[in-house]
Every structure is written in C-alpha cells, then in structure tokens.
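Right, one structure below, let's go through it.
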DNA sequence: CTAAGTGCAAAACTTTTGCAGGCGA
DNA sequence: TCGCCTGCAAAAGTTTTGCACTTAG
C-alpha cells in the first residue's frame, strides 16, 4: 500500500496528526476504481476493520481532508455529500438516476469556456455532473 | 402579471389545483432577474403578503412543481436545495463562495460534449456550476 | 508533556410524513 | 360534494458542536 503512504506523507507535510482513524478513512478510498464515498459509506466500509470509529470522526476528517486538498466534495444529486481523492485525474460523472451508479467521463467543460464569459470572476472550482439512465437501466425499461 | 397567469395555466393543464399558496410560491420567482430560491427563501419572501403559509406546504409544492416541470432543482453547493423557473433560458452559474451571489453564465458544456464520450448513457439532465470569487469579493481581498 | 484528535451525547438544520380538517373545481 | 391541499406536529436523516478523555508527536 504505497499509495496510502503517499497520502499519509501529505498529512505530515500539513502538520496534521496521523491517527489510525485517518488512515482507515483514507484507505477506504484506495483500490482499483476511483471511489465516490459518503460519510456513511466510509463508516460502513471501515466498520469491518475498525469497528470503534465514530461517524462524527468521519465527518470531521472528511471536512479537514477537503480543506487541505486531499479530497474533493461531490454533489451527486443525492442528499448526502460524497467525496473522492483529488489525486485521481480530473474527471466528471455520468450518474444513473435509477441505480445510482456513477461512471467517470473524461471531458471537462472548462476547456471550452471563453474567458470573456467569465469576465472578472475568479474561478476556484467547478462541478459538472450528467444525470440520466445508464445502459443497463435503459435496457431494463427506462422509467420503471 | 401575465407571466403568473401563464404559470397558473400550466397548473390547470396538469390538473393541479390552483391554490393561493401555490400562486404565492410561483409569484416569488417572478421579477426582472432570474431567481434561485430555497424553500426557506420563498417562505420568507411570501411571509410579507401571505404570513400563514407553512413551510411544509412550500416544500411539498416545490417538489410537485419540479415533478411537473415548472421548476428545476439546483445544487449551489449549499446545504439547501434551490429552485429556478425552467421557463428561463438555459444557463449555468458563477457562484461566489464568499458572498453567495450567483451570476448566470450562458454557456452550456453539453454543446461541446462528444457523443462517443457518453456512449450508451441516456442523458436526461445535467448540472454545471462554477465556484470562486466574484469581482466584488476579489477586490475586498479574496480570502477574508 | 500537551495540543490535536476522538467518542459520546445532544443539538441543529433541512426535509419528509401522518393525520384531521379545509377548500378549489 | 369529493378528493386534493394545507397546517400542525412530530419524525427522519444528515451534519455539527460541546465537553471530557485519549493519544500522537
């Protein structure tokens, strides 16, 4: 797990303590696929290996990790906020409103945005999410 | 206010009853600028002319108006959901994370999106919001 | 050792829901 | 009249906060 070591390194650089809870939270984002997790998702995912962690701690740390730039906040159209690693290459999502699945799409709208449309606004971040039906759900009959 | 009559007409066409509460809610969206209102915003805005309306009714009707296509739901990065009239021309927003102001931007990312990036996904809707500092807040010193 | 971090409990906030009575068509 | 709507009250669900204890550095 050298990917985890890299993230831990970032914590140290920021002067943030490396606690087992934080390691567990960060670990839950690692793996072959890029993950978009809510606080609850993480709490459940960790529960197996770290049953004593409290949901409060997950919330507090997600906020902190977002603030120091390790995580990015996502609005996937649900009530809950989701997070993903900022170290993943930049992308957006195709979100199925039926099954909730979120595929990544490697197209960024800022690329085609004329500066004069933005004028004096100083862009810091952006969100772009596409909602609809994934192939699987379209086949299943659409509206259901 | 013939704009209001038009919206009321839509309610009738959908077989939805036209109540004073609904008229008040719809009215709050009218005016020279396009408005992005939360349930609470509307409740307050209406309070002057319609002090007895309950917040529950506002919530219920916003959901209903969204479902029948009169309103569109917006995620402006806040905890609260906002709504705007779908009859306004299509646009996105430049949202100031400091003062909360949302300017409209007439650029849509779907325009430049290759179909093959989307593949078999059936697009139904999308969200695109840019976050940063508006001119005013940039001048005030940025971070504060 | 000590400031930062954690868990617990309780609160805050937005949104939803059950129910009884009210009102538009 | 009849069924949709509304208001009230209470609940649900997510996120935040105060406080005392614990722990990483």
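The values are calculated or read from the model by the stated rules, or taken from the named source; none is laboratory data. Since we're looking at a predicted model, the values are computed, not measured. Counting neighbours? That spans all protein chains shown, and the Cβs are built from the backbone with ideal geometry, glycine included.
Structural remarks
- Listed conditions (1) more than 30 Å from residue B:102 (Cα to Cα); (2) within 12 Å of chain B (Cβ to nearest Cβ); (3) touching a helix residue (DSSP H, G or I) at 6+ places or on another chain (Cβ under 7 Å) are all met by residue A:58, apart from (2).
- Given (1) modelled with pLDDT of 95 or more; (2) touching a strand residue (DSSP E or B) at 6+ places or on another chain (Cβ under 9 Å); (3) within 16 Å of DNA strand C (Cβ to nearest atom), number of the condition residue A:84 does not satisfy: (3)
- Count of the stretch A:65-98 residues, restricted to those that are under 18 Å from residue B:127 (Cβ atoms) and either part of a loop (DSSP other than H, G, I, E, B) or within 11 Å of chain B (Cβ to nearest Cβ) (or both), is 18.
- Residue in the stretch A:17-39 that is buried (at least 17 other Cβ atoms within 10 Å of the Cβ), assigned to a loop (DSSP other than H, G, I, E, B) and within 16 Å of DNA strand C (Cβ to nearest atom) present: yes
- Any hit, the stretch B:99-121, residues being surrounded by 13 or more Cβ atoms within 10 Å (Cβ to Cβ), within 20 Å of the chain's Cα centre (by Cα), assigned to a helix (DSSP H, G or I) and in the same structural domain as residue B:14 (by TED's automatic domain parsing): no
- Exactly one residue out of A:70, A:95, A:25 is without any contact (Cβ under 8 Å) to a residue 60 or more places away in the chain and either over 21 Å from residue B:129 (Cβ atoms) or in contact with a helix residue (DSSP H, G or I) (Cβ under 6 Å, 6 or more places away or on another chain) (or both): that is A:25.
- Some residue of the stretch A:50-66 being closer than 23 Å to residue A:91 by Cβ, more than 8 Å from DNA strand C (Cβ to nearest atom) and in contact (Cβ under 8 Å) with a residue 40 or more places away in the chain: yes
- The single condition among (1) touching a helix residue (DSSP H, G or I) at 6+ places or on another chain (Cβ under 8 Å); (2) not assigned by TED's automatic domain parsing to the domain that holds residue A:33 that residue A:65 does not satisfy is (2).
- Among the residues of the stretch B:123-135, those that are in a strand (DSSP E or B) and surrounded by fewer than 16 Cβ atoms within 10 Å (Cβ to Cβ) comprise B:123, B:124, B:125.
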